[in-house]
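Data block below; observations after.
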Amino acid sequence: MKPKYFIIFSALFIAGTVNAQSVLKGTVYEAGKNNRMPNVFIRDDNNKRQITITDDKGNFEINTETGHTLIFDSPGYISDTLYVTNHAPKRVEMVTKTISLHQVNVTSTRQSFDAHKEYPEVYTRSKVYPLSPSSWFSKDARDARRLKKYFKHEEEERHVDEVFNVTYVESLVPLRGQDLENFMTLYRPTYAFLKNNNGESLTVYINDSYKKFMALPADKRSLPSLPNTGKTLQ
């Protein structure tokens, strides 16, 4: 290959690589509404090092390539995916999660997650050093601190899933099917409650909540239908 053609080929290859590894921007909304969602965790399934989180207005930007798949996670919502076909701005809509009664044993169906092992660089970048202004004000440091908060919240939600599971609740109340799903969604305890109470207190809480649930008018015991946006993310 002649030198000038080699140079041209190299330039085209580099340009193509740069274009492929561009920043993708977008906004995450709650499905069926115009509510923007902050603190949605986003990761590139093909490149573990590329992670981010939406800002207070639901906006995000992430370094990714065409052909990669992005995963969107937020507690209380169904995880969503986006297959990157181009780098045009994206609108992502997330659907509210309800309890899946098919997951009888919650602890065996959810994979364990240790953010400290999976993303140690987040905890390193989130540290604040008195003599380093960038550790206080840089976008990278701020995003790392928000990711750290997200990981903590996700860990807490998983703990609630493990304790307040279908098998345990079924053993205490005579609800099944959709009624049980509605009950567990409406009266899901907080992590703070579980942390500060023992198993006996949780049993009392579930029984008291069941009485409140049965005292509700029939239309108040059901959950609103999930919106069907009919959209395919690209």
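Residue count for the stretch 134-179, restricted to those that are aromatic (Phe, Trp, Tyr) and in contact with a Leu (Cβ under 8 Å, 6 or more places away or on another chain): 1.
Selection of the stretch 164-188 for residues being in a loop (DSSP other than H, G, I, E, B) and under 16 Å from residue 97 (Cα atoms) yields 164, 165, 187, 188.
A quick yes/no check of all residues on (1) under 30 Å from residue 52 (Cβ atoms); (2) modelled with pLDDT under 80; (3) among the hydroxyl-bearing types (Ser, Thr, Tyr):
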| position | (1), (2), (3) |
| --- | --- |
| 113 | yes, yes, no |
| 134 | yes, yes, yes |
| 137 | yes, yes, no |
| 140 | yes, yes, no |
| 160 | yes, no, no |
| 168 | no, no, yes |
| 192 | yes, no, no |
| 201 | no, no, yes |
| 211 | no, no, no |
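Quick check: is even one residue across the stretch 117-127 open to solvent by 60 Å² or more (accessible area, probe 1.4 Å), β-branched (Val, Ile, Thr), closer than 29 Å to residue 177 by Cβ and at pLDDT below 85? No, there is no match, as no residue in the stretch 117-127 is open to solvent by 60 Å² or more (accessible area, probe 1.4 Å), β-branched (Val, Ile, Thr), closer than 29 Å to residue 177 by Cβ and at pLDDT below 85.
Being modelled with pLDDT of 90 or more and either β-branched (Val, Ile, Thr) or open to solvent by 40 Å² or more (accessible area, probe 1.4 Å) (or both) is a property that residue 47 has.
Applying the criterion of at least 2 residues that are under 22 Å from residue 141 (Cβ atoms) and among the hydrophobic types (A, V, I, L, M, F, W, C) to the strands (runs of 3 or more DSSP E) found wholly in the stretch 44-94 leaves 47-53, 59-64.
The residues in the stretch 29-44 that are closer than 20 Å to residue 152 by Cβ and buried (at least 18 other Cβ atoms within 10 Å of the Cβ) can be counted, and the count is 5.
Does residue 25 meet the test of being under 22 Å from residue 68 (Cβ atoms), open to solvent by 90 Å² or more (accessible area, probe 1.4 Å) and at pLDDT 60 or above? So residue 25 passes the test.
Cβ-Cβ distances below 7 Å connect the following pairs, each with a first residue in the stretch 172-195 that is among the basic types (Lys, Arg), a second residue that is open to solvent by less than 60 Å² (accessible area, probe 1.4 Å), and a separation of six or more residues or different chains: 188/160; 188/164.
Taking the stretch 195-224 as the range and being within 16 Å of residue 160 (Cβ to Cβ) and open to solvent by 80 Å² or more (accessible area, probe 1.4 Å) as the test, the residues that pass are 195, 196, 198. Of all residues in the stretch 160-170, those satisfying the criterion of being aliphatic (A, V, I, L, M) and either under 18 Å from residue 75 (Cβ atoms) or open to solvent by 50 Å² or more (accessible area, probe 1.4 Å) (or both) are 160, 163.
Number of residues in the stretch 171-191 that are among the hydrophobic types (A, V, I, L, M, F, W, C) and open to solvent by 60 Å² or more (accessible area, probe 1.4 Å) equals 1. Restricting the stretch 64-85 to residues that are surrounded by 15 or more Cβ atoms within 10 Å (Cβ to Cβ) and under 13 Å from residue 22 (Cα atoms) leaves a set whose member that is farthest from the chain's Cα centre (by Cα) is 65.
Among the residues of the stretch 179-191, some residue qualifies, meaning at least one is under 18 Å from the mean Cα position of the chain (by Cα), farther than 28 Å from residue 61 by Cα and of a type in the set (Phe, Trp, Tyr).
The values are calculated or read from the model by the stated rules, or taken from the named source; none is laboratory data. Remember, predicted model here, so these are calculated numbers, not experimental data. Positions of Cβ are generated from backbone atoms using ideal geometry, with glycine treated the same way; all protein chains shown enter the neighbour counts. Heavy atoms of the whole protein, side chains included, go into the accessibility calculation; ligands, DNA and RNA do not. Shrake-Rupley method; radii C 1.70, N 1.55, O 1.52, S 1.80 Å.
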